[in-house]
Each structure stands twice: as structure tokens, then as C-alpha cells.
Amino acid sequence: MGKQNNTTRSVARLKAALLIGGLGLGLTACETVFVQPPESPTTAGIDYVRDPELGRFGTGEMVSWASGPDCAEALRISSYDPMTLGSKSFRLAGGARVHLLADIFPVGPGGLYTNTQCVNVVSFVPEAGHNYTLVQTFTAGKCKTTVTDKASNAPPPTFVEHPLVATCVKTPAGYTRVG
């Protein structure tokens with residue numbers, strides 16, 4: 001009887017610890033990740049393309065939604081680790097200005113190193129039903145983030161490049177900022 005009670009209490013404590021830990025992880029994830037709107041006629045599609053010139057070794061890239069040009073709040077939308085190429089996609093609500101924070105990180109999780117780093121903040125008003133391409137490039141020591149409307153092959157008329165402020169330079173877990 002005593003052995004069964006100890007086992008039952010141990011199992012109960014383990015379940016409680018897992019529940020509390022799981023709740024903590026769930027709450028943390030909800031605070032840092034952008035929740036894209038469901039696909040509908042009121043949304044715009046964004047293809048997020050990794051800069052092929054950076055290669056795959058030593059750089060991570062990430063795009064986040066920002067609350068404004070001061071990046072008081074930033075929620076990760078999508079990212080590339082140092083070993084990934086290709087394109088990812090996401091949706092944004094149409095008709096309202098959106099600020100995007102684009103980052104290239106110089107040191108990836110594995111300790112690979114390159115002296116490439118940059119942060120850009122851009123904004124535009126996505127048009128419902130339109131599709132866009134978002135690309136951040138690093139060339140000749142300068143970085144640039146562009147958004148192109150796929151229908152016109154030009155930036156949307158509402159596109160703005162914002163000056164970088166210190167609060168926009170954020171370092172995600174697993175990366176080291178250099179400089």
C-alpha cells in the first residue's frame with residue numbers, strides 16, 4: 001500500500017511539472033511569434049526569398065512584424081538558419097500599413113562566423129489579393145530590403161524605408177551580434 005502511494009504521488013508530481021513547463025513554453029511562444037491572418041480575399045501574399053549571394057554558411061536571416069518604425073514590439077514571422085536556401089511565404093492583412101523588421105545575423109547557432117550583419121525597417125500598405133516578394137540583400141558592405149509587387153514588378157507606391165533606431169536591433173536566441 002505504501003509503495004503504491006509513493007508511486008502515485010511521484011506520477012502526480014511529474015504530471016504537474018510537465019503541465020507547468022508546457023504552459024510556460026506555450027505562453028513564451030505566443031509572445032514572440034506573429035500569427036498570420038487566415039487566407040482570404042482581404043489578405044496579401046508575401047514570398048520571403050533568402051539572399052542567394054550570402055550563401056548558406058554563417059548567416060541567419062529573419063523577418064518580423066514590428067509595431068512601428070521604433071520596433072517597440074517585434075514578432076517573428078519567418079526565418080532562415082545558416083544552412084537553408086529557398087523561399088518561404090506568409091500572409092498579411094490588406095489595407096493597413098505594416099512595418100517589417102528584416103535581419104541578417106553574422107553568427108549562427110553552430111558558431112559559424114561571417115562579418116555580414118544588417119538590420120532594415122520597411123513599411124508599406126499591402127493591397128488585398130496582391131502578391132509581393134520580400135528580399136533583403138547585402139552587397140558591398142550595405143544591406144537593403146525591398147518589397148516588389150509581383151503584378152507590376154515594382155515596389156508598392158506606399159513603400160517606405162525607415163531610418164534604423166537602436167530599439168530595432170534585436171538578437172534572437174542562439175545568435176551572437178557582432179559589432
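A short reminder: the numbers here are calculations on the coordinates, not readings from a lab. All values derive from a computational prediction rather than experimental measurement. Cβ: placed from backbone, ideal geometry, glycine included. Neighbour counts: every protein chain shown.
Using a Förster radius of 25 Å, what is the FRET efficiency between residue 151 and residue 72 based on their Cβ-Cβ separation? Nearest 0.05, please.
E between residue 151 and residue 72, to the nearest 0.05, is 0.15.
What is the sum of charges, Lys and Arg at +1 and Asp and Glu at -1, for the other residues whose Cβ falls under 12 Å from the Cβ of residue 132?
Net local charge, residue 132 excluded: -1.
Subtracting the Cα-Cα distance from 0.36 nm times the residue separation, let me have the gained length for residue 127 to residue 97 in nm, one decimal.
Taking residue 127 through residue 97 to full extension adds about 9.8 nm, to one decimal.
Starting from the Cα of residue 144, draw a straight line to each of the aspartates and glutamates and keep only those under 17 Å, dropping any in the same chain fewer than 8 residues away.
Cα-Cα hits under 17 Å: 47, 51, 53, 61, 103, 161.
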